[in-house]
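Comments concern the structure below.
Read the figures in this text as sums done on the coordinates, not as results from a lab. Note that the structure is predicted; figures quoted are calculated from it, not measured. Cβ placement follows ideal geometry from the backbone for every residue including glycine, while neighbour counts extend to all protein chains displayed.
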Amino acid sequence: MRIGMLGLAAAGKKTLFGLLTGAAPPAIPSGGLPGVFKVRDPRVESLSRLAKPEKTTYALLDLTLLPDVEKTEGKAPWLSDVRLLDGLAFVVRAFPDPTVFHPQGTVDPMRDAQLFVSELLFADLLLLEKRAEKLNDELRVRKTVEKVGELELVSRLAKVVEGGAGVPDAGLTEPERRLISHCLFLTDKPVVAVVNTSHGQDAAPIEAGLARFYGGRIKTLACDLKLEAEIAALADPAERKDFLGGMGIAEPAVARLTRVLYDAMGLMSFFTIGKDEVRAWTVRKGSTAPQAARAIHTDLEKGFVRAEVMKYSDLMALGSEEAVAKAGKAPLKGKDYVVEEGDILSIRASN
């Protein structure tokens, strides 16, 4: 899964990128900067303590740190790169530090969020206008029912976007979705707004306001990124825990952000365990057992026969795979089984 990280200048996106990847860059290349976020799921650690494998592997999310968001009416070069991403994390500045430059002159989270959403809307409108132009050219040469239908749909979507709503607000049917599946709309992507506050600042009104943006599809998270980065930089885990407790922070922002990102993007985790490796995998909610097998290896999907399924809670409660099986809680599931959050899978496939 690929997530783009955006924000206005000095909003804190580089700090967040560094918090997630362990490497905060001094500058962002024009084409964006790639990074990898290792999802520190405590369940993986518990499974490793139980199985004592040779190797422990966490789930990974690919990140791209993008250039500063500016008012370009959808013409910023990096917007084309965003179309290839699965979701967006937009850092909104809320901390009121007068010593830190703000490109708009004043701190106004709602205004900045509106600028971000407007850039997505403008970019989608430009895409629709170009598609309509191409369809009109093709229809002058040869008229087909499919192209006439697509042009009507594109024109309808353009009116929706011009009105300030995103593509999901158009109420498309599944056939209509398939008709324009080649168009990668920015307003179709899930968005998480990370509100960068100062410690102790009441961010609830800001989060409530942002949640109404984007047709109510924006998920929000508030935290003091500078403070979180300072805590994360502490080498001693016990010291980090004490620092968090002393500041009244129940858990690190990274843990909370992981949950919000997974929720916004419709993701979930399943696990595989063995003496060689304990590993977490990320798939979309609603994935079947063969689709989960594909995440491990395409050959496992092709040769899928059955999946032995254990629940994480059962394994933790009973203490071993043997005990879970003996209790009758490791059933074999077929191709129609829909994988659930935290499932432990053992795929059985033909050669």
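Data for the structure
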read-out	value
Flagged links, alpha-carbon separation over 28 Å, of Lys71/Lys147; Lys147/Lys335; Lys55/Lys241; Lys13/Lys241; Lys14/Lys219; Lys71/Lys285	Lys71/Lys147; Lys147/Lys335; Lys71/Lys285
Length-normalised contact order for the stretch 117-187 - Cα pairs under 8 Å, 6+ apart - percent	44 percent
Reach of Lys143 by Cα under 27 Å, taken over lysines that are not fewer than 8 positions away in the same chain	Lys130, Lys134, Lys159
Estimated FRET transfer efficiency when R0 is 41 angstrom, pair Arg49-Asn351 (beta carbons, to 0.05)	0.80
Selected from Thr15, Thr106, Thr173 as most flexible by GNM, with the chain as the system and alpha-carbon contacts under 10 Å	Thr173
Relative contact order %, the stretch 286-349, counting alpha carbon pairs below 8 Å whose residues are six or more apart	50 percent
Computed label-point distance, nm, for sites Met247 and Glu174 using a 7 Å Cα→Cβ extension	4.7 nm
The stretch 259-290 and the stretch 234-255: distance between their alpha carbon centers, rounded to Å	26 Å
Cα lying deepest toward the dipole's positive end in the stretch 286-349, options Ala323, Ser313, Tyr337, charges on Cβ	Tyr337
Cα→Cβ-extended label distance, 7 Å offset, between Met316 and Thr106, nm	4.8 nm
Point-charge dipole on Cβ atoms (K/R +1, D/E -1) for the chain, about Cα centre, debye to 20	860 debye
Cβ-based exposure ranking for Ile231, Ile249, in which fewest neighbours within 10 Å come first	Ile249, Ile231
Local electrostatic count, Leu6, Cβ distance below 13 Å [Lys/Arg +1, Asp/Glu -1]	-1
Dipole magnitude of the stretch 286-349, debye to nearest 20 (Cβ charges: Lys/Arg +1, Asp/Glu -1, about Cα centre)	200 debye
The chain: relative contact order in percent, alpha carbon pairs under 8 Å with at least 6 residues between	18 percent
Within a Gaussian network of the chain (alpha carbon springs, distance under 10 Å), most fluctuating of Gly31, Gly149, Gly286	Gly149
Distance from the stretch 1-69 to the stretch 325-342 (C-alpha centre basis), Å	31 Å
Cα gyration tensor shape of the stretch 286-349, rounded if a/c is under 1.5, else prolate or oblate by comparing a/b with b/c	prolate
Whether the chain is rounded, prolate or oblate, judged on the alpha carbon gyration tensor where a/c under 1.5 counts as rounded	oblate
